[in-house]
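Visitor: A single structure is presented below for examination.
The values are calculated or read from the model by the stated rules, or taken from the named source; none is laboratory data. The structure presented is a predicted model; accordingly, all values stated were derived computationally and were not measured. Cβ atoms come from the backbone with ideal geometry, glycine included; neighbour counts cover every protein chain shown.
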């Protein structure tokens with residue numbers, strides 16, 4: 001992976017790496033879910049970054065709290081989690097398309113029946129008075145029955161697909177530590193001034 005620019009970096013400040021993961025999750029560390037607040041923060045920041053650049057997650061942490069942890073282990077845990085989230089959103093997208101196809105079948109059937117009844121009414125009773133309203137109402141009913149599948153296939157799937165793409169980008173993100181000096185203890189920070 002090429003070096004990333006500062007614009008593609010997501011910076012997270014923690015006092016310990018355990019803050020990033022759900023402490024109630026019983027699975028081993030590499031398979032743990034991210035903490036909800038950490039995920040929302042990382043995903044929110046990633047949305048603001050250009051989609052054409054690779055992402056990098058920089059974890060600012062005190063040096064003593066990073067001992068015993070490897071960047072590769074944290075990166076692997078992030079990759080697994082965001083791949084899982086991308087798969088889940090992909091399943092939601094598949095379900096949305098399945099609902100759209102079913103809705104379209106029902107909508108087209110209602111449209112055909114409505115148009116047929118409107119034509120039958122028009123041929124039998126004409127297009128005068130109340131029958132004009134009934135004929136037009138049947139046509140409107142047929143088109144209204146197709147409103148939901150049209151909404152799904154024209155508009156509703158875009159945000160879901162965008163969310164899946166964002167999780168896929170995060171699953172490929174490079175993770176690195178930015179170690180900080182540990183805060184000095186009060187005894188170390190005292191300065192003695194001789195009179």
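Visitor: Would you check which residues across the stretch 22-40 are buried (at least 16 other Cβ atoms within 10 Å of the Cβ) and modelled with pLDDT of 85 or more and list them?
Guide: 34, 35, 38, 39
Visitor: Follow-up question, since we're still on this one. Consider residue 77 carefully, then state whether it is buried (at least 16 other Cβ atoms within 10 Å of the Cβ) and within 14 Å of the chain's Cα centre (by Cα).
Guide: Taking the combined requirement at face value, the residue does not satisfy it.
Visitor: Looking at this structure, is residue 86 closer than 30 Å to residue 152 by Cβ, at pLDDT 85 or above, in contact with a helix residue (DSSP H, G or I) (Cβ under 9 Å, 6 or more places away or on another chain) and part of a helix (DSSP H, G or I)? Show your work before the answer.
Guide: On the way: closer than 30 Å to residue 152 by Cβ: yes; at pLDDT 85 or above: yes; in contact with a helix residue (DSSP H, G or I) (Cβ under 9 Å, 6 or more places away or on another chain): yes; part of a helix (DSSP H, G or I): yes.
The answer is yes for residue 86.
Visitor: Check off (1) modelled with pLDDT of 85 or more; (2) in contact with a helix residue (DSSP H, G or I) (Cβ under 6 Å, 6 or more places away or on another chain); (3) surrounded by 15 or more Cβ atoms within 10 Å (Cβ to Cβ); (4) not in a helix (DSSP H, G or I) for residue 69 and give me the number that stays unchecked.
Guide: Unmet condition: (1).
Visitor: Then there is this: Hey, any hits in the stretch 111-130 for a residue that's closer than 30 Å to residue 18 by Cα and either part of a helix (DSSP H, G or I) or in contact (Cβ under 8 Å) with a residue 40 or more places away in the chain (or both)?
Guide: Here is the first cut: in the stretch 111-130, the residues closer than 30 Å to residue 18 by Cα are none.
The answer is no; no qualifying residue exists.
Visitor: Also: Which one of the conditions (1) at pLDDT below 90; (2) within 25 Å of the chain's Cα centre (by Cα) does residue 93 fail to meet, given that it meets all the rest?
Guide: Only one criterion in (1) at pLDDT below 90; (2) within 25 Å of the chain's Cα centre (by Cα) is unmet by residue 93, namely (1).
Visitor: While we're here: Is it true that residue 108 is in a helix (DSSP H, G or I), surrounded by fewer than 16 Cβ atoms within 10 Å (Cβ to Cβ), without any contact (Cβ under 8 Å) to a residue 60 or more places away in the chain and touching a helix residue (DSSP H, G or I) at 6+ places or on another chain (Cβ under 9 Å)?
Guide: Criteria met by residue 108.
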